[in-house]
Structure formats: structure tokens, C-alpha cells
Amino acid sequence: MIPLCIPEIRGNEWKYIKECLDTNWVSSAGSYVDKFEEDFLRYLNIKKAVVTVNGTAAIHLALKVLGIGEGDEVVVPSLTFISPVNAVRYVGADPVFVDVSRDTFVMDAEKIEKAITPNTKAILVVHIYGHPVDMDKIMDIAKKHNLYVIEDATESLGSLYKGKHTGTIGDVGCFSFNGNKLITTGAGGMLVTNNEEIGERVKYLSTQTKTLLDNGGFFHEEIGYNYRMPNILAAMGCAQLEKIDEYISIKRENALVYNKLLENTRGITIPAEREYARNVYWLYSIIIEDDFGITRDELINRLKERGVQTRPFFTPVHKMPPYMKCRHLDMTVTEELANKGINLPSSVGIKREEIEIICDIIKN
Ligand SMILES: Cc1ncc(COP(=O)(O)O)c(C=O)c1O
């Protein structure tokens with residue numbers, strides 16, 4: 001069986017986690033929490049990083065800290081994992097769905113302006129499968145209409161937009177360290193920002209808005225959240241982060257192997273890497289065109305029979321019951337990609353021979 005995307009654990013994970021267990025620092029007050037934040041912000045070259053219990057919590061806090069709430073609209077893609085859209089709902093705001101680009105699979109900056117109304121407060125971009133959204137265009141639109149920009153960079157950690165890390169360009173960036181992500185803490189997330197004030201407030205909100213009284217008791221000025229990451233998981237994050245550059249180059253090399261084996265195959269479109277981007281190819285993805293010979297779902301089944309795990313592209317969020325009544329623009333590309341896109345095995349540890357087997361099955 002060749003899995004879709006499994007973690008790579010071959011660094012200091014055991015050592016750092018053992019240290020937490022040996023010293024009893026298992027919860028959120030341990031030193032690895034601060035270290036993971038420090039290491040992460042240095043890696044991304046950003047001013048503030050706050051760990052969270054998962055990526056969804058980071059997005060929830062991003063919306064919260066920017067004051068987005070009831071009556072506000074947030075522009076989002078529909079071709080995404082549902083988490084960022086759910087977070088929009090957690091704060092009581094309304095998602096407005098826009099279409100994506102066919103070559104990169106991510107939000108089409110050209111189509112955003114039509115979605116903006118006087119109620120729009122933010123653009124929530126999602127760099128799905130690893131390719132960066134065209135951020136200069138997004139930032140220009142945001143400036144023109146006075147909107148916040150939140151980047152859900154959970155699938156694009158390690159991808160660059162004009163040399164800058166995704167997640168560091170908008171007002172706030174969010175990451176997930178779920179088990180299938182480039183680096184993992186089992187479950188976990190991070191919010192990053194260049195605005196120190198926002199960073200401080202997110203830390204405060206994520207730790208139950210706890211302030212210490214002189215006598216050691218707790219005082220809470222407002223409603224907070226228990227969105228902290230425990231030290232054990234932060235320890236794992238530190239170990240994973242030490243390997244990130246190696247993992248990125250392996251993933252990019254693997255994408256090149258896939259590209260070489262699949263390009264010029266009738267009915268297959270390989271993923272783009274626009275001139276502004278370094279794509280980390282978190283999930284290497286192809287489009288099964290009409291002239292391929294069999295449908296995308298038939299291909300998924302044939303690969304499954306041969307022990308290859310794949311996944312169809314996301315079901316568009318505007319097609320799911322909680323969001324069917326939400327406003328959306330034309331969704332032609334989203335709906336086409338949702339029917340034709342497939343994620344191929346993309347673990348850091350996948351062997352070249354396994355990629356060759358997968359491509360042979362596809363071609364045959
Ligand atoms: C695009 C996207 N956003 C958000 C999340 C949520 O992250 P988490 O599972 O850590 O809450 C995920 C994946 O899990 C994701 O793929």
C-alpha cells in the first residue's frame with residue numbers, strides 16, 4: 001500500500017518529547033512552547049508567532065482578533081478544506097465564495113472584486129495543495145477596499161511567493177501541524193503576524209485571557225479560549241522544524257519526478273508553478289481531462305485496487321448543506337476541478353520506485 005501522505009519522523013522527536021516526560025513539563029507552560037514559536041518565526045522571518053491547539057483554532061483567532069463578526073462578509077474560496085469556512089461561521093460572519101484558477105487550483109485574484117460589498121471585511125485566502133495565491137493582487141484589492149487579509153497557509157508551509165513565505169504577507173497567517181502536513185505535531189497550529197499587538201492579543205485570547213493576580217489567583221477580563229498547545233507537542237514541532245528544508249527539497253524533487261513521468265500523457269494536466277512561486281507541492285495533484293479515457297473516479301478505484309491511496313479534490317464548500325444558501329459567484333472552474341482533480345501520494349518518505357509504479361498504473 002502506498003499511502004497518500006504520512007508523517008516523516010526521523011529527527012529529535014523522541015529525544016525532545018522524552019525530555020518533557022522526564023521533567024514533568026507536559027502541559028502548556030514548558031519551554032518548548034516558547035522555543036517552537038521562536039524557531040517558527042525565525043524560519044518564516046516574521047515578528048510574532050503563537051502556537052495553537054490546531055490550525056482551525058488559529059483561523060478562528062485570526063478572525064476574532066481582527067474584529068470580524070456578525071453582519072460581516074469574508075471572501076473565501078469554495079475549493080478548500082472546510083475548516084477556514086467553518087471558522088468564518090464561528091465568529092458569526094458570512095462566507096462569500098469565489099472561484100479558483102484552473103492552473104494553480106487556488107483563489108483567482110482577478111475574480112475577487114465582484115464579490116466585495118460594503119459588508120465585506122476580509123479576504124481569507126487558502127493556498128491549497130501548496131501553490132501560493134497571487135498575493136500582490138490580493139493585497140492591492142484589500143488596500144483599495146480597506147479589507148483585512150488572512151492567509152490560510154496550512155497546506156503551503158515552505159512555499160514562497162516572490163521569495164516570501166506564504167502566511168507572512170497578509171495581516172495574519174495560519175498554519176496546521178496535523179498529521180498529514182509537511183511538518184506535524186500530531187495536532188497543532190500556529191498563527192503568525194508582523195503586528196506585535198495582534199500577536200500579543202492572540203496569545204491572550206488563546207490562553208483563556210488569563211491574568212495573574214498578586215496573590216497568584218487568576219482574573220479574566222473577557223471571554224477567552226483554551227487553544228494552547230501542550231509542551232509535548234511543541235517539542236515535536238521543534239524537532240520537525242529542524243528537518244523542514246530537507247523535506248521541502250525532497251517534496252520538490254518528487255514533484256519533478258512526477259512531472260517528468262506524467263507530462264505529455266494524453267488527458268493529464270500536471271500542476272503549475274507560476275513564475276512568482278516556489279510550490280512545495282504539499283499534495284502533488286493532477287487533472288484528469290475528458291480525453292484521458294476513464295473518469296477521475298474510475299482512476300481512483302483502479303489505483304486503489306493496486307494499493308495506491310489517492311484522494312479526489314475537495315468537494316466545493318458551497319455544495320455542502322451548511323453553506324448552500326451562502327452567496328457565491330460563478331463557480332465553473334471550482335466545480336470542474338472538483339470533478340477532475342486527484343491528489344497523488346506525496347509523503348516525504350515516498351520512494352522514487354513507488355512514484356514510477358504509480359505513474360505506470362496511471363499511464364496503462
Ligand atoms: C486548508 C486547511 N485549512 C485548515 C486546516 C485545519 O487544520 P487543523 O486540522 O489543524 O485544524 C486544514 C487541515 O487540516 C487545511 O487543509
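Looking at the structure I just gave you, is ILE123 among the β-branched types (Val, Ile, Thr) and either within 16 Å of the ligand (Cβ to nearest atom) or under 24 Å from THR269 (Cα atoms) (or both)? For ILE123, the condition - among the β-branched types (Val, Ile, Thr) and either within 16 Å of the ligand (Cβ to nearest atom) or under 24 Å from THR269 (Cα atoms) (or both) - is met. Checking each residue of the stretch 67-75 against the condition of being within 16 Å of the ligand (Cβ to nearest atom) and either among the polar types (S, T, N, Q) or surrounded by 20 or more Cβ atoms within 10 Å (Cβ to Cβ) (or both) gives at least one match.
Close Cβ contacts (under 6 Å, 6 or more residues apart or on different chains) running from residues in the stretch 49-61 that are under 17 Å from ARG201 (Cβ atoms) and more than 9 Å from the ligand (Cβ to nearest atom) to residues that are in a strand (DSSP E or B) and modelled with pLDDT of 95 or more comprise ALA49/MET190; ALA49/VAL192; VAL50/LEU191; VAL51/MET190; LEU61/LEU191. Residues in the stretch 269-278 include at least one that is under 18 Å from LEU160 (Cα atoms), outside the structural domain of ILE59 (by TED's automatic domain parsing) and among the hydroxyl-bearing types (Ser, Thr, Tyr). For the stretch 328-344, the criterion of being of a type in the set (S, T, N, Q), crowded, with 18+ Cβ neighbours inside 10 Å and either under 20 Å from ILE250 (Cα atoms) or outside the structural domain of ILE82 (by TED's automatic domain parsing) (or both) is met by at least one residue. When the stretch 135-168 is filtered for residues that are touching an Asp or Glu at 6+ places or on another chain (Cβ under 9 Å), surrounded by fewer than 22 Cβ atoms within 10 Å (Cβ to Cβ) and in a loop (DSSP other than H, G, I, E, B), the ones remaining, listed by number, are LYS162, THR168. Beta carbons closer than 8 Å, at least 6 apart along the sequence or on distinct chains, pair a first residue in the stretch 239-250 that is over 18 Å from LEU41 (Cα atoms) with a second that is at pLDDT 95 or above for TYR247/GLU8; TYR247/GLY158; TYR247/LEU182; TYR247/ILE183; TYR247/VAL348; ILE250/VAL348. Of the residues making up the stretch 220-234, one or more are touching an Asp or Glu at 6+ places or on another chain (Cβ under 9 Å) and open to solvent by less than 50 Å² (accessible area, probe 1.4 Å).
Is one or more of the residues making up the stretch 185-207 aliphatic (A, V, I, L, M), in contact (Cβ under 8 Å) with a residue 12 or more places away in the chain, more than 16 Å from the ligand (Cβ to nearest atom) and surrounded by fewer than 24 Cβ atoms within 10 Å (Cβ to Cβ)?
Scanning the stretch 185-207, I find at least one residue that is aliphatic (A, V, I, L, M), in contact (Cβ under 8 Å) with a residue 12 or more places away in the chain, more than 16 Å from the ligand (Cβ to nearest atom) and surrounded by fewer than 24 Cβ atoms within 10 Å (Cβ to Cβ), so the answer is yes.
Could you grab the pairs with beta carbons closer than 8 Å, sequence gap of 6+ or different chains, first residue in the stretch 103-131 and within 17 Å of ILE150 (Cβ to Cβ) and among the charged types (D, E, K, R), second one outside any loop (DSSP other than H, G, I, E, B) and more than 16 Å from the ligand (Cβ to nearest atom)? That search, which allows pairs on different chains as well, returns LYS121/GLU73; LYS121/TYR148. Do we have any residue at all in the stretch 110-124 that's under 18 Å from the mean Cα position of the chain (by Cα) and open to solvent by 10 Å² or more (accessible area, probe 1.4 Å)? Checked the stretch 110-124: no residue is under 18 Å from the mean Cα position of the chain (by Cα) and open to solvent by 10 Å² or more (accessible area, probe 1.4 Å). Looking across the stretch 1-38, the residues that are touching a Cys at 6+ places or on another chain (Cβ under 7 Å) and crowded, with 18+ Cβ neighbours inside 10 Å come down to TYR16, GLY30, TYR32, PHE36.
The values are calculated or read from the model by the stated rules, or taken from the named source; none is laboratory data. Model, not experiment: these values are computed from the prediction. Quick reminder, even Gly has a Cβ in these numbers, built from the backbone with ideal geometry, and neighbours come from all protein chains shown. For the accessible areas, the whole protein counts, side chains as well, though only heavy atoms, and no ligand, DNA or RNA atoms are used. Shrake-Rupley method; radii C 1.70, N 1.55, O 1.52, S 1.80 Å.
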